[in-house]
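What follows is one structure encoded as structure tokens, with my remarks underneath.
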Amino acid sequence: MSAFPEIDRIPFEGPDSKNPLAFRHYDPNEQVEGMAMRDHLRFSVVYWHTFRGQGADPFGPGTAVRPWEDGSDSVENAQNRVRAAFEFMEKLGAPYYAFHDRDVAPEGSSLAETNKNLDAVVEVLGEEQQRTGIKLLWGTANLFSNPRYVHGAATSPNCDAFAFAAAQVKKALEVTLSLGGEGYTFWGGREGYQNLWNTNMRRELDHLGQFLHMAVDYAKEIGFTGQFYIEPKPKEPTKHQYDSDAAACLNFLRQYDLMDSLKLNLETNHATLAGHSMQHEMEVAGSSGALGSIDANTGDMLLGWDTDQFPTDIYLTTQCMLSVLKFGGLNPGGVNFDAKVRRESFEPVDLFYAHIGGMDAFARGLKIAAAIRADQRLEGLLTGRYASWDSGLGAEIESGKHSFASLEKIMLDQGDAAKNVSGRQEMLENLINCYV
Ligand code: XUL
Ligand code: CO
């Protein structure tokens, strides 16, 4: 039985199309900088919002109409949902998906029963992957919803919560491996604090470091060679989350000797909650060789929380794709739509509109970014801005030939520094707008 009987495979119809169920910019086969768009963008659908989101908010229950659901929390319903999800992804033409263990299968009354439920649903995920060719971008474990994680998982003051989380991640890694997952993400929903009076921060951070090492060791043991990611977010649900932004994550990874094992999975709305732009976060991660994957969404300027909206702003997607191209691409990461339709958009077809819009926005961002790079005006201006470092004194400093004393001598002789040149911010902003 079809979950989306009225919808056919979403075609690419080009920029002039008036069909809201068609791509106007995402042509998977179009070559950009010598590579197909499909391979640059590596689009992924998230199971938790798109197939588990009901549209509930703190003021009211879910509104989503999902005819394939039977309303129960049974394994059978979960298996049917998998078939609906793959029909959706196949019709959309998304090559990847991502899930948490608890999105796909119901928890049982014990860990053993929960694992059994998961296995029963993973079997159908495997069948559907096989049938459609859709692949798993990354797997993850939900270590934040169950009340046992009320004080955190790896950073809980209760060692049993840590132990249960370890067991859960062990299983999630096995499942990710069995489905050929290309990555595994850690997002520390409750790995933070609400109140410092009851928190031993140092001990909690040590535990988190230990936990991640156990995951890396276990991956080696079972032969999982996918990329591990850590996903920064500053707050929500906790007041402060330890992996608060890209810089905090990098500091943590360096402190606990994990830089070789994890990269960052950056999410736009998390960046804005941290008081940064996505471009800033991508630059921070990329500059340390740690840009892994992106959770593509956007917040709302007038709402201060993690609204997880679908990205439609071409300026934003252009910035993202400029960074992606600059740092050598996302593979094995991707553009993962960690985004949800609004509570008011409750019909199944809205899931299509949302993803089509996001995919087209990123496709346009990619084309614009490639045009900016091909034109080389931006690059030329940037190179020019640092020209003083390319020869003479700058080159000598960069190659380590100077000290405070030798530089003092030069400046005493010279009397003052050479004049600065304008930063030309407005001119550069105008330049970018020529391509958008
Ligand atoms: C929450 C969030 C998570 C992670 C995966 O804000 O982004 O869904 O992406 O746990
Ligand atoms: Co996310």
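The table below gives the values:
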item	result
Scope the stretch 305-317; condition modelled with pLDDT under 95 and within 11 Å of Glu267 (Cβ to Cβ); matching residues	Asp306
Meets criteria (within 16 Å of ligand 1 (Cβ to nearest atom), open to solvent by less than 10 Å² (accessible area, probe 1.4 Å) and either free of Cβ contacts under 8 Å to residues at least 60 places away in the same chain or farther than 24 Å from Ala36 by Cα (or both)) for Leu266	yes
Criterion: free of Cβ contacts under 8 Å to residues at least 60 places away in the same chain and in the same structural domain as Ala296 (by TED's automatic domain parsing) - qualifying residue of Ala363, Ala369, Ala417	Ala369
Qualifying residue in the stretch 384-404 (condition: modelled with pLDDT of 95 or more, closer than 29 Å to Pro311 by Cα and more than 16 Å from ligand 2 (Cβ to nearest atom))	no
Matching residues in the stretch 213-266 - criterion: being closer than 26 Å to Leu196 by Cβ and among the β-branched types (Val, Ile, Thr)	Ile230, Thr238
One residue from Leu330, Leu303, Leu322 being at negative phi and within 12 Å of the chain's Cα centre (by Cα)	Leu330
Residue match in the stretch 155-176 (condition: among the small types (Gly, Ala, Ser), within 16 Å of ligand 2 (Cβ to nearest atom) and open to solvent by 30 Å² or more (accessible area, probe 1.4 Å))	no
Identity of the residue in the stretch 1-42, in a loop (DSSP other than H, G, I, E, B) and of a type in the set (Asp, Glu), that ends up nearest to Leu322 (Cα to Cα)	Glu33
Candidates Gly152, Gly93, Gly133 - the one that is on the phi > 0 side of the Ramachandran plot and open to solvent by 30 Å² or more (accessible area, probe 1.4 Å)	Gly133
Odd one out for Leu302 among (1) more than 15 Å from ligand 1 (Cβ to nearest atom); (2) at pLDDT 95 or above	(2)
Lone qualifier among Phe59, Phe86, Phe43, Phe12 - being out of contact with any helix residue (DSSP H, G or I) (no Cβ under 9 Å at 6 or more places or on another chain) and assigned by TED's automatic domain parsing to the domain that holds Gly328	Phe59
Selection count, the stretch 235-263, where residues are out of contact with any strand residue (DSSP E or B) (no Cβ under 7 Å at 6 or more places or on another chain), open to solvent by 60 Å² or more (accessible area, probe 1.4 Å) and within 14 Å of ligand 1 (Cβ to nearest atom)	1
Tabulated pairs, the stretch 324-351, first under 17 Å from Asn269 (Cβ atoms) and open to solvent by 50 Å² or more (accessible area, probe 1.4 Å), second part of a loop (DSSP other than H, G, I, E, B) and not charged (D, E, K, R), C-beta under 7 angstrom, 6+ apart or interchain	Lys340/Gly53; Arg343/Gly55; Arg343/Thr63
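The values are calculated or read from the model by the stated rules, or taken from the named source; none is laboratory data. Being a predicted model, the structure only gives us computed values, none of them experimental. Glycine gets a Cβ as well: all are built from the backbone with ideal geometry, and neighbour counts include every protein chain shown. Protein only, heavy atoms only, side chains kept; ligands, DNA and RNA dropped before computing areas. Shrake-Rupley method; radii C 1.70, N 1.55, O 1.52, S 1.80 Å.
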